[in-house]
Amino acid sequence: MRDQVLWRKTARIAMMLADRLDIDIERALDILYNSHTFELLSNPESGLQLQSDNYILTDLLRELEVSCPV
């Protein structure tokens, strides 16, 4: 059950990321799966799974800003 909830949360965050960055969903999933944010999201001990989708998206966007500043 927990895996299904995480899978749906991941899908929602990837869709939000794709919309926010105006990229396709495959690229958004690639970015998400290769992020430190996803590592934390995959670890139940981090507590990130309990946060809202918007909170996690904001965290991911901050991570992307730091790794690829404009």
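The values are calculated or read from the model by the stated rules, or taken from the named source; none is laboratory data. Just so we're clear, the structure is a prediction, and the values are computed from it rather than from any experiment. With ideal geometry, Cβ positions are generated from the backbone for all residues, glycine too; neighbour counts draw on all protein chains shown. For accessibility, only protein heavy atoms count, side chains too; no ligands or nucleic acids. Shrake-Rupley method; radii C 1.70, N 1.55, O 1.52, S 1.80 Å.
Could you check the stretch 11-47 and list, in sequence order, the residues that are among the β-branched types (Val, Ile, Thr) and touching an Asp or Glu at 6+ places or on another chain (Cβ under 7 Å)? Reasoning before the result, please.
Quick first cut of the stretch 11-47, residues among the β-branched types (Val, Ile, Thr) only: 13, 23, 25, 31, 37.
Of everything in the stretch 11-47, those that are among the β-branched types (Val, Ile, Thr) and touching an Asp or Glu at 6+ places or on another chain (Cβ under 7 Å) turn out to be ILE13, THR37.
Name the pairs whose Cβ atoms lie under 9 Å apart, with the first residue in the stretch 42-70 and closer than 18 Å to ARG2 by Cβ, the second open to solvent by 60 Å² or more (accessible area, probe 1.4 Å) and of a type in the set (S, T, N, Q), and 6 or more positions between them or separate chains?
Filtered contacts from the stretch 42-70: GLN49/ASN43.
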